[in-house]
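The structure under discussion appears below in the form of structure tokens.
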């Protein structure tokens with residue numbers, strides 16, 4: 001057999017091996033990471049799901065949803081509600097390699113589905129990405145100076161922003177906590193970083209306290225719409 005032909009065969013085989021490794025190694029690493037989180041969940045009273053495509057839209061209304069992922073989703077009941085914490089991943093198109101932006105998200109279930117209400121200053125990527133009405137001044141000067149509220153339903157947003165709720169949000173801002181969003185079946189927040197479930201219940205408590213500052217009639221009215 002011609003030596004040049006042998007060299008070609010060897011090169012082809014090496015390329016096949018390299019391509020196979022490039023595909024297999026990330027898959028194996030993801031499986032190992034999923035296994036680690038699944039074991040942690042069993043030991044600490046959480047339920048684990050590797051992915052929840054339906055939860056991507058909690059924080060993002062995107063033109064290209066395939067660039068986003070909600071992964072390593074941990075859930076458990078807490079104070080009469082379901083709490084979720086997960087990694088919110090944004091793939092960065094056009095970047096070298098598999099570059100991505102990671103956020104650790106916490107979401108708490110709502111009693112009824114609600115319109116989107118984005119309560120933030122626009123500094124957090126992903127929490128001010130949908131078209132809607134910007135709520136005018138609420139009458140709470142300090143709140144209005146700190147926050148911009150965007151929504152598809154201004155009446156609902158104003159009903160949510162009770163004086164007690166705004167006071168809690170002002171305190172949250174003073175402690176440099178990230179913005180929040182009500183969207184569909186959840187109230188949620190996220191900040192840069194990877195999954196950190198040991199912090200999730202503390203964050204969930206703040207979100208639940210905020211929900212409890214909203215009168216029951218607001219939820220009753222939302223349920224009828």
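None of the figures in this text is laboratory data; all of them are computed from the coordinates on show. Please read all numbers here as calculations on a predicted model, not as lab measurements. Using ideal geometry, Cβ is built from the backbone for each residue, glycine included, and neighbour counts are taken over all protein chains shown.
For the stretch 47-224, the average shadow cast by the Cα convex hull is 10.4 nm², which is a quarter of the hull's surface. Scoring 76-84, 51-59 by mean Cβ neighbours within 10 Å over their residues and listing the highest first yields 51-59, 76-84.
When Rg is the radius of gyration of the Cα atoms in the stretch 152-203 and Rh is its Kirkwood radius, what does Rg/Rh come to? Taking Rg over the Kirkwood Rh, I get 1.00.
When you count the other C-beta atoms within 10 angstrom of each residue and take the mean per peptide, 196-204, 169-177 line up highest first as 196-204, 169-177.
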